[in-house]
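Down below is the structure, laid out as structure tokens.
The values are calculated or read from the model by the stated rules, or taken from the named source; none is laboratory data. The model shown is predicted, which means the values in this text are computed figures rather than measured ones. Here the Cβ positions follow ideal geometry from the backbone for every residue, glycine too, while neighbour counts run over all protein chains shown. With ligands, DNA and RNA removed, areas are computed over all heavy atoms of the protein, side chains included. Shrake-Rupley method; radii C 1.70, N 1.55, O 1.52, S 1.80 Å.
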Amino acid sequence: MEWTDEHDVLMLREMVVSDVFSFKKGSVSRGDAWDSIAEKLNQIDSPQFRIKDKRGVRERWVLLRRKFRSKIREEEAASGVVVEDLTEKEVLIEELIEREDTIKPDDNRLSVQQKNDKDKAEDIRKKAMESMGETKKRKLSRGATDEDQPTTSGRKRSAQPLVDFLRENANAERELRQQELDIKRKEHEKQQETIQVMMLQ
């Protein structure tokens with residue numbers, strides 16, 4: 001396939017939207033992001049793309065990045081040369097280079113609120129996974145005693161701790177799912193804001 005500036009701009013826009021550099025280099029997630037970019041570009045009718053796999057997109061990005069850095073070095077080295085305004089393609093390349101160089105992947109780029117949410121979700125997950133005996137020990141260590149438990153007789157007495165345990169697990173799982181949905185919603189809103197910023201540019 002022969003790449004034109006129009007092809008490049010569309011590819012770079014897709015890279016910005018997919019936020020490919022937020023994933024760890026060499027990870028499956030980043031590979032999936034490159035695959036997704038290639039698939040979306042192949043769906044465009046005009047100009048038509050014929051990208052076989054993620055490697056084609058990744059190699060094109062490496063080439064564009066190298067050419068842009070070389071051009072910037074030459075302009076900085078040349079004294080008295082009037083530097084032209086950057087084209088849309090160059091602006092996109094510059095932004096993606098900044099993201100690639102500055103964004104810390106995974107946990108390092110999470111905000112404080114997101115880290116707190118993640119910690120809470122992990123704590124709830126641990127509580128949901130612990131056995132009934134561990135739950136009882138945890139409650140006892142917090143000051144609750146067996147005397148605090150209502151006394152019942154026969155079958156109900158032996159079934160009550162299990163019912164309480166199941167209820168607590170169900171509540172914990174519900175809370176965990178809600179927090180995960182909130183995190184996904186926040187990420188989706190952030191992506192939408194990025195798209196709107198790109199559209200305004």
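Over 23 Å between Cα atoms: which of K89/K186; K24/K54; K127/K186; K118/K186 fall into that group?
From K89/K186; K24/K54; K127/K186; K118/K186, over 23 Å: K89/K186; K127/K186.
Please give the net charge around R69, taking every other residue with its beta carbon less than 13 angstrom from that of R69, where Lys and Arg add +1 and Asp and Glu add -1.
-3
With a 1.4 Å probe and every protein chain kept in, tell me what percent of the accessible surface of segment 1-83 is carbon plus sulfur.
Details: 2480 of 5310 Å².
Ligands and nucleic acids excluded, carbon and sulfur give 47 percent.
Find the accessible area per residue for segment 1-81; the probe is 1.4 Å, ligands and nucleic acids are left out, and the unit is Å².
On a per-residue basis, segment 1-81 sits at 63 Å².
Rg(Cα) of segment 1-105 divided by 2.2 N^0.38 Å? Mind dumping the intermediate values first?
Working: Rg = 14.7 Å, N = 105, 2.2 N^0.38 = 12.9 Å.
Against the compact-globule rule of thumb, the ratio is 1.14.
Run the numbers for R73 and K137: contour at 0.36 nm per residue of separation, minus the present Cα-Cα distance, in nm.
Working: separation 64, 0.36 × 64 = 23.04 nm, distance 6.45 nm.
Gain on extension, R73 to K137, equals 16.6 nm.
Report the relative contact order of segment 1-84, percent, no decimals, based on alpha-carbon pairs under 8 angstrom and at least 6 residues apart.
Values: 46 pairs, mean separation 19.8, N = 84.
Value for segment 1-84: 24 percent.
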